[in-house]
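Engineer: Sending over a structure as structure tokens; questions will come in a sec.
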Amino acid sequence: MNYPLLLEPLDLGFTTIKNRSIMGSMHTGLEEMDGGFERMAAYFAERAANNIGMIITGGIAPNEESSSGGAMMSGEEEAEKHRLVTDAVHQADPDVKICMQILHPGPMAYSKNAVAPSAVKSRISPFVPNELDAAGIQKQIDDHVRCAVMAKKAGYDGVEIIGSAGYLISTFLVQKTNLREDEYGGSYENRMRFALEIVEQTRAAVGDDFIVIFRIAAMDMLEGGMSWEEIATLGKALEKAGVTIISTHFTWHESAVPTIATMVPRAAFTSVTGRLRKEVGVPVITSNRINMPDVAEEVLARGDADLVSMARPLLADSAFMRKAVEGREDEINTCIACNQACLDHTFSGKLTTCLVNPRACHETILNYEPAKEIKRIAVVGAGPAGLAFATVAAERGHKVSLFEASSEIGGQFNLAKTIPGKEEFYETLRYYKRMIEVHGIDLRLDTRADAAMLKAERFDQVIVSTGIKPRTPEIDGINHPKVVSYIDVITGKKPVGQKVAIIGAGGIGFDVAELISHSGPSGAMDRDVFAAEWGVDFENHPRGGVTGVEPKVVKSDREITLLQRKDTRVGKGLGKTTGWTHRLTLTRRGVGMMNGVEYVKIDDEGLHILQNDLPELIEADTIIICAGQDPLRDLYDDLSAQGIKAELIGGAFEAMELDAKAAINQASYMAAAT
Ligand code: NAP
Ligand code: SF4
């Protein structure tokens, strides 16, 4: 057995979890959509069939005031619908447990009916919540209990009550959001009362043979958040109140420290869970940035936790745990923590899926069935689109030849992987390399396929995924020697001076600014660097882990200005859940950002612009162009001229708004239908 600790069963007394892996809770949007339960059943059953130990569903609200129109469990009718999910999971593997998460967002409910211990607005919510009176508090407790009872009726093996993240229960616990003077406010004993009454009354209602997990913010990353003593006290009190398991979480949504983004080191927070584990007698779950089985095994070996929760990694690869058991970890499609198709979708009201796995949450729609008629297919260009098409088509049985002009696969991924904080892209490349071997793809590196070559080999189908070429904006002086393209900067082909102007502030402008403003080791690879950059004290655990800790950001020794023509906030188009981290990091390093500019000319002095119709000079010895891309279709045009039918995918098809998510998604659907 490769992962003895990860694969060890956990005996809970009344039941056993078959191994130490948990698919953590993620709201996907299936909960609310028409036909969503059927799709959710397929989504969870696929993970259950692939050796996950326990599944926690996305958050389900216990009552109207917590649901904001979203999924709710308050009566038998709703419980009945969930049967589809619990039955599917238990049919897939009767030993897999599934627990329903009860989520009461409290002040974060997107509604003027939001409730909270006190009328304190969350930093990231537009609504001031209504203060609960005594009867209102009892109602919330009763509704949590009823929700758990209904979950049991629905066939769940347990519930997870979320007491973290800035949701209702956590706002009772933290002093600054609980200004009450009754028995639910003031002393810490009083502030814990709401959480403990929910747990005690839930346990009494569901009996002893039902899993009750409580999710606690073990380090809430809030100025004035919970102290370590308060967390340990809560853990012990929860145990006494009857929880089966304590799960640890590390943030409130409004905190200003990234805790799951790709710049967060793997398993960065598990030592905090380990500290709590020493204080309590019940098993504890850890989480955050644990995305490969060896990372999970190390966490367990350190004694940091009894169970390891992985939410996004199970979106990225439903067979994660099967591959771990079978020693095929090099075939795992690793979560790169980009958030682009999961959390960014969730928070924009779109259905969750995964950048590296478009099948996630689409298990009833996108399937890679064996091909009815085997074709010989040429795929030209081994960037994200070409790789996705080639591997899916080959998995289905087609004979695929993959041509790549350079000496390595990856295309734009090879640029991304060199940006500090984006090291996870190496995993995506490892995955594709392995899939090329597994599916027997005829990979031809250093081969610039041309029309004659493709014609001579008489392929049944030609896919052109030749990608993009950087756009060159029409600015007077654009051919000045100080002007360089982002590709030359990222690949290190051209030197970068001390005074830099970056034209274009999209994803790549930000990546380039990150690269050239950065010094020393990457925070994503070194927890001490990460902790210093974001002002987290893991050792002493002041309130929230951050109170009184100043981020130690190394100012860039370059003078950098990032520019765009739009008058929207610079970086507005970046990921909803990660854009703020990039803006904050660059601002702290002293990178200037300008919007609403008009480019006038480039000369020996630098970049001349107009802002608000006023002329300005950005003195620069290097001007980096990050002004988007245009499709690269030379091969496609040649093929068309010779009457050879070909299909365009990825950047070659559409460069505007193109990113790896769109490229992989388009290519996978196309290959599934070929
Ligand atoms: P992009 O996001 O489209 O940004 C292009 C930038 O260039 C914009 O700031 C645009 O702003 C400017 N621009 C466009 N045409 C211009 C022109 N003719 N002259 C001067 N400026 C011009 O493209 P990208 O940064 O190259 O990124 C490519 C794709 O990769 C995008 O879809 C991006 O989301 C994705 N990506 C994502 C990440 C990530 O972390 N999520 C990282 C890298 C790349 P103005 O028009 O306002 O000047
Ligand atoms: Fe992970 Fe990105 Fe997929 Fe989300 S979209 S699961 S962060 S790889």
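The values are calculated or read from the model by the stated rules, or taken from the named source; none is laboratory data. Nothing here was measured: the structure is a model prediction, and the numbers come from that model. Counting neighbours? That spans all protein chains shown, and the Cβs are built from the backbone with ideal geometry, glycine included.
Engineer: What are the residues in segment 277-289 that are crowded, with 23+ Cβ neighbours inside 10 Å, of a type outside the set (S, T, N, Q) and in contact (Cβ under 8 Å) with a residue 60 or more places away in the chain, if any?
Structural biologist: Scanning segment 277-289 gives a single hit, Ile285.
Engineer: Are any residues in segment 166-197 hydroxyl-bearing (Ser, Thr, Tyr) and in a helix (DSSP H, G or I), and if so, which ones? Before the answer, list the steps.
Structural biologist: Residues of segment 166-197 that are hydroxyl-bearing (Ser, Thr, Tyr), as a first pass: 167, 170-171, 177, 184, 187-188.
Within segment 166-197, Ser170, Thr171, Thr177, Tyr188 meet the criteria.
Engineer: I'd like to know if segment 441-464 contains one or more residues that are under 25 Å from Thr334 (Cα atoms), within 13 Å of ligand 1 (Cβ to nearest atom) and in contact (Cβ under 8 Å) with a residue 12 or more places away in the chain.
Structural biologist: The answer is no; no qualifying residue exists.
Engineer: Another question about this same structure. Any residue at all in segment 43-52 that is more than 22 Å from the chain's Cα centre (by Cα) and either at pLDDT below 95 or charged (D, E, K, R) (or both)?
Structural biologist: No, every residue in segment 43-52 fails to be more than 22 Å from the chain's Cα centre (by Cα) and either at pLDDT below 95 or charged (D, E, K, R) (or both).
Engineer: Oh, and also: Within the set of pairs 6+ apart or on separate chains, which have a first residue in segment 606-626 that is touching a residue at least 12 places away in the same chain (Cβ under 8 Å) and more than 16 Å from ligand 1 (Cβ to nearest atom), a second that is basic (Lys, Arg) and in a loop (DSSP other than H, G, I, E, B), and C-beta atoms under 7 Å apart?
Structural biologist: Asp621/Lys482; Thr622/Lys482
Engineer: Please work out which residue is nearest to Ile198 (Cα to Cα), limiting yourself to segment 84-140 and to residues that are among the charged types (D, E, K, R) and part of a loop (DSSP other than H, G, I, E, B). Working first, answer last.
Structural biologist: First pass over segment 84-140, keeping only residues among the charged types (D, E, K, R): 87, 93, 95, 97, 112, 121, 123, 131, 133, 139.
Adding the requirement that they be part of a loop (DSSP other than H, G, I, E, B) leaves 93, 95, 112, 121, 123, 133.
Working: Asp93: 31, Asp95: 28, Lys112: 24, Lys121: 23, Arg123: 26, Asp133: 16 Å.
So, considering only residues that are among the charged types (D, E, K, R) and part of a loop (DSSP other than H, G, I, E, B), the one nearest to Ile198 (Cα to Cα) is Asp133.
Engineer: Looking at Val438, is it crowded, with 24+ Cβ neighbours inside 10 Å, over 19 Å from the mean Cα position of the chain (by Cα), away from ligand 1 (no atom under 16 Å from the Cβ) and among the β-branched types (Val, Ile, Thr)? Can you show your working first?
Structural biologist: Numbers: crowded, with 24+ Cβ neighbours inside 10 Å: no; over 19 Å from the mean Cα position of the chain (by Cα): yes; away from ligand 1 (no atom under 16 Å from the Cβ): yes; among the β-branched types (Val, Ile, Thr): yes.
Answer is no for this residue.
Engineer: If you don't mind, another one. Only one of (1) more than 24 Å from Arg430 (Cα to Cα); (2) out of contact with any strand residue (DSSP E or B) (no Cβ under 8 Å at 6 or more places or on another chain); (3) of a type in the set (Gly, Ala, Ser) fails for Ala305. Which number is that?
Structural biologist: The number of the failed condition is (2).
Engineer: Something else: Does Phe127 qualify as being of a type in the set (Phe, Trp, Tyr) and under 30 Å from Glu223 (Cβ atoms)? Before you say what the answer is, go through the steps one by one.
Structural biologist: Details: of a type in the set (Phe, Trp, Tyr): yes; under 30 Å from Glu223 (Cβ atoms): yes.
The answer is yes for Phe127.
Engineer: Give just the number: which of (1) buried (at least 22 other Cβ atoms within 10 Å of the Cβ); (2) modelled with pLDDT of 95 or more; (3) within 30 Å of Gln629 (Cβ to Cβ) does Gly523 not satisfy?
Structural biologist: (2) is the only condition that Gly523 fails.
Yes or no, residue by residue, for (1) within 16 Å of ligand 1 (Cβ to nearest atom); (2) assigned to a loop (DSSP other than H, G, I, E, B):
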{"residue": "Glu223", "(1), (2)": "no, yes"}
{"residue": "Ala237", "(1), (2)": "no, no"}
{"residue": "Ser247", "(1), (2)": "no, no"}
{"residue": "Glu254", "(1), (2)": "no, yes"}
{"residue": "Thr259", "(1), (2)": "no, yes"}
{"residue": "Thr262", "(1), (2)": "yes, yes"}
{"residue": "Val282", "(1), (2)": "no, yes"}
{"residue": "Asn288", "(1), (2)": "no, yes"}
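Engineer: Name the one entry in Ala360, Ala371, Ala337, Ala341 that is away from ligand 2 (no atom under 15 Å from the Cβ) and either part of a loop (DSSP other than H, G, I, E, B) or touching a residue at least 60 places away in the same chain (Cβ under 8 Å) (or both). Please lay out each step first, then the result.
Structural biologist: Working: Ala360 fails: away from ligand 2 (no atom under 15 Å from the Cβ); Ala337 fails: away from ligand 2 (no atom under 15 Å from the Cβ); Ala341 fails: away from ligand 2 (no atom under 15 Å from the Cβ).
Result of the check over Ala360, Ala371, Ala337, Ala341: Ala371.
Engineer: A further question on this structure: Among the residues of segment 658-665, is there at least one that is within 16 Å of ligand 2 (Cβ to nearest atom), free of Cβ contacts under 8 Å to residues at least 12 places away in the same chain and either under 18 Å from Gly504 (Cβ atoms) or in contact with a Ser or Thr (Cβ under 9 Å, 6 or more places away or on another chain) (or both)?
Structural biologist: For segment 658-665, residues within 16 Å of ligand 2 (Cβ to nearest atom), free of Cβ contacts under 8 Å to residues at least 12 places away in the same chain and either under 18 Å from Gly504 (Cβ atoms) or in contact with a Ser or Thr (Cβ under 9 Å, 6 or more places away or on another chain) (or both): absent.
Engineer: Shifting gears a bit: How many residues are surrounded by 15 or more Cβ atoms within 10 Å (Cβ to Cβ) and charged (D, E, K, R) when one looks only at segment 587-600? So that I can check it myself, show each step before the final result.
Structural biologist: Pass one, segment 587-600, residues surrounded by 15 or more Cβ atoms within 10 Å (Cβ to Cβ): 588-597, 599-600.
From the residues that got through so far, the ones that are charged (D, E, K, R) too are 588-589.
Qualifying residue count, segment 587-600: 2.
Engineer: Still on this structure, please answer the following. Could you pull out the residue among Ser318, Ser348 that is assigned to a loop (DSSP other than H, G, I, E, B), within 16 Å of ligand 1 (Cβ to nearest atom) and small (Gly, Ala, Ser)?
Structural biologist: On the way: Ser318 fails: within 16 Å of ligand 1 (Cβ to nearest atom).
The unique qualifying residue is Ser348.
Engineer: Return the pairs, sorted by first residue and then second, in which the second residue is outside any loop (DSSP other than H, G, I, E, B) and away from ligand 2 (no atom under 16 Å from the Cβ), the first residue lies in segment 407-424 and is on the phi > 0 side of the Ramachandran plot, the beta carbons are less than 7 Å apart, and the residues are 6+ apart or on different chains.
Structural biologist: Sorted first by the residue in segment 407-424, then by its partner, the pairs are Gly421/Glu514; Gly421/Gly523.
Engineer: Does Thr248 satisfy the condition of being under 30 Å from Tyr110 (Cα atoms) and not hydrophobic (A, V, I, L, M, F, W, C)? Steps first, please.
Structural biologist: Values: under 30 Å from Tyr110 (Cα atoms): yes; not hydrophobic (A, V, I, L, M, F, W, C): yes.
Considered against the rule, which asks whether it is under 30 Å from Tyr110 (Cα atoms) and not hydrophobic (A, V, I, L, M, F, W, C), Thr248 comes out as yes.
Let's see how each residue does on (1) within 25 Å of Val264 (Cα to Cα); (2) surrounded by fewer than 18 Cβ atoms within 10 Å (Cβ to Cβ):
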site	(1), (2)
Thr491	yes, yes
Gly507	yes, no
Asp511	yes, no
Leu515	yes, no
Asp528	yes, yes
Gly545	yes, no
Glu550	yes, yes
Lys555	yes, yes
Thr561	no, no
